[in-house]
């Protein structure tokens with residue numbers, strides 16, 4: 001249950017942040033990065049925050065990088081102004097896991113979608 005609460009809290013915080021500033025696109029968020037080999041799971045304990053895009057993609061920002069992009073197939077209700085939560089019996093989020101999409105302030109549930117593969121995007125090192 002603690003894991004569920006943490007995931008929900010991260011999603012709500014990410015949703016609130018996205019509303020405070022104009023939403024960026026996936027391309028803008030990942031500018032200058034090269035995708036790595038997709039993986040099926042990421043460790044939940046390393047997720048620092050999430051960013052949801054209107055294109056239906058989720059960027060999992062990881063402590064220490066790389067960040068992972070997940071684009072759940074056929075998930076039209078996923079937008080930047082909504083939050084997500086997930087339940088997982090393990091310490092990882094995996095492709096095939098179901099995310100719930102909801103409007104946190106209105107307490108409205110838009111249903112669920114299954115996650116796709118997680119594509120790593122290493123962070124660009126800044127020149128010194």
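What follows draws every value from the coordinates through simple rules; no lab data is involved. The structure displayed is predicted, hence computed values, not measured ones.
Remarks
- Extension gain for residue 33 to residue 90 (0.36 nm times residue separation, less C-alpha to C-alpha distance): 17.6 nm.
- Region 55-128: C-alpha gyration tensor shape, a/c 1.5 cut-off, then a/b vs b/c: prolate
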